[in-house]
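The values are calculated or read from the model by the stated rules, or taken from the named source; none is laboratory data. All values reported here derive from a predicted model rather than from experimental measurement. Cβ atoms come from the backbone with ideal geometry, glycine included; neighbour counts cover every protein chain shown.
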Amino acid sequence: MGFFVPDYYFDTVYEVTPELLKSHGVKGIILDIDNTLVPYEIPEPTEENVAWLKGMWEVGIKTAFVSNNHKERVELYNRELGCPAFYDSGKPLKKACKRALEAMELAASETAIIGDQVFTDVVAGRNSRLGCAILVKPIKDKTNLFFRFKRLLEKPVIATYKRRTKKKEE
Ligand SMILES: [Mg+2]
């Protein structure tokens, strides 16, 4: 179970601050797009997305997009941002993060992953031995059966996270 449990679980990506990342020695972030930064149907970054990304860049934290979505989606989202961006990336496989690490010229231990899916994003981070794996609540979920099933499987993982965090606070 430990493998699946994220280091942090937040309501939104905006709770991830440069200070938090720096406390883990993180110099770069591998970012999921869909349901982490924007819902599936929003093709371009929101103003909030841009402000948050700029806040990272200003303190020297690099960002790369690693998405399992298709080329057009990823390229359109990244058009104005110009970050290293990878589509059809095959998360949670190790190869998904490899190219992003190379593009950012960072070691795995200096890199965090942020995404909304345990078995895709958190596991990708674990497979690549990234320094930090951060789970965020999905912005707006797809409601099909496959997605509902995946969310159901995530529940015990999130419960474990909450139990552990509670213990730490006590
Ligand atoms: Mg996602």
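Computed values, structure above
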| quantity | calculated |
| --- | --- |
| Matching residues in the range 1-53 - criterion: being surrounded by 16 or more Cβ atoms within 10 Å (Cβ to Cβ), out of contact with any Cys (no Cβ under 9 Å at 6 or more places or on another chain), of a type in the set (Val, Ile, Thr) and not in a strand (DSSP E or B) | Val5, Val13, Val16, Ile33, Thr36 |
| Test for Arg99: is it touching a residue at least 60 places away in the same chain (Cβ under 8 Å) and either more than 14 Å from the ligand (Cβ to nearest atom) or assigned to a loop (DSSP other than H, G, I, E, B) (or both) | no |
| Verdict on Ser67 being closer than 24 Å to Glu15 by Cβ, modelled with pLDDT of 95 or more and surrounded by fewer than 20 Cβ atoms within 10 Å (Cβ to Cβ) | no |
| Matching residues, the range 75-96, being touching a strand residue (DSSP E or B) at 6+ places or on another chain (Cβ under 9 Å), of a type outside the set (S, T, N, Q) and either assigned to a loop (DSSP other than H, G, I, E, B) or within 21 Å of Val123 (Cα to Cα) (or both) | Leu81, Cys83, Pro84, Ala85, Phe86, Tyr87, Lys91, Ala96 |
| Qualifying positions in the range 119-166 - within 11 Å of the ligand (Cβ to nearest atom), aliphatic (A, V, I, L, M) and modelled with pLDDT under 95 | Ile139 |
| Of residues in the range 109-161 being assigned to a helix (DSSP H, G or I) and touching a helix residue (DSSP H, G or I) at 6+ places or on another chain (Cβ under 6 Å), the one farthest from Gly90 (Cα to Cα) | Val157 |
| Qualifying residue in the range 39-48 (condition: more than 14 Å from the ligand (Cβ to nearest atom), touching a residue at least 24 places away in the same chain (Cβ under 8 Å) and out of contact with any helix residue (DSSP H, G or I) (no Cβ under 9 Å at 6 or more places or on another chain)) | no |
| Looking only at the range 109-118, and only at residues there that are surrounded by 16 or more Cβ atoms within 10 Å (Cβ to Cβ) and more than 13 Å from the ligand (Cβ to nearest atom), the one that is farthest from the chain's Cα centre (by Cα) | Glu110 |
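Quick grid of which residues meet (1) under 14 Å from the mean Cα position of the chain (by Cα); (2) not β-branched (Val, Ile, Thr):
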position: Asp7; (1), (2): yes, yes
position: Lys22; (1), (2): no, yes
position: Ile42; (1), (2): no, no
position: Ala51; (1), (2): no, yes
position: Val66; (1), (2): yes, no
position: Glu80; (1), (2): no, yes
position: Lys95; (1), (2): no, yes
position: Ala103; (1), (2): no, yes
position: Ala107; (1), (2): no, yes
